[in-house]
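Q: This is the structure, below, for whatever I ask next.
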Amino acid sequence: MHTDEGRTLTRVVQTCSAHPSQWDAWTADGQYLYLRYRHGEGRVEWHPGPDDDAETPESWGEGRSGVLIEWNDGTGGGAISLEDFLAAAGLVLAEGVDEDSR
């Protein structure tokens with residue numbers, strides 16, 4: 001995940017707009033990422049694909065998932081814009097990609 005393709009998102013779907021802010025995202029090289037911001041903490045996880053139960057994803061399995069990026073901005077906040085989240089995480093949207101909502 002250290003390539004430019006691994007840091008460029010080609011699709012982003014917001015799954016929760018506040019408390020926590022979270023998105024499903026896919027990179028240019030096809031990797032699924034779970035983006036979450038809660039209590040001032042941002043986290044980017046990689047998984048084989050989205051799962052309806054993100055807290056206990058049985059289908060992800062050991063060794064098939066991991067944490068790519070974590071940070072704490074010290075605010076304790078629960079909502080963040082996609083633009084601010086991506087800037088803090090070092091991720092970018094591919095040209096012409098818009099955020100989808102569910």
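Q: State the number of residues belonging to region 3-56 that are closer than 16 Å to residue 98 by Cα, modelled with pLDDT of 95 or more and either among the acidic types (Asp, Glu) or in a loop (DSSP other than H, G, I, E, B) (or both).
A: 1
Q: Would you call residue 68 under 15 Å from the mean Cα position of the chain (by Cα), surrounded by 13 or more Cβ atoms within 10 Å (Cβ to Cβ) and either acidic (Asp, Glu) or modelled with pLDDT of 95 or more (or both)?
A: Numbers: under 15 Å from the mean Cα position of the chain (by Cα): yes; surrounded by 13 or more Cβ atoms within 10 Å (Cβ to Cβ): yes; either acidic (Asp, Glu) or modelled with pLDDT of 95 or more (or both): no.
Here the answer is no, as residue 68 does not meet what is asked.
The values are calculated or read from the model by the stated rules, or taken from the named source; none is laboratory data. What you see is a predicted model; the values in this text were computed from it and never measured. When we count neighbours, we look across all protein chains shown, and the Cβ atoms used for this are built from the backbone with ideal geometry, even at glycine.
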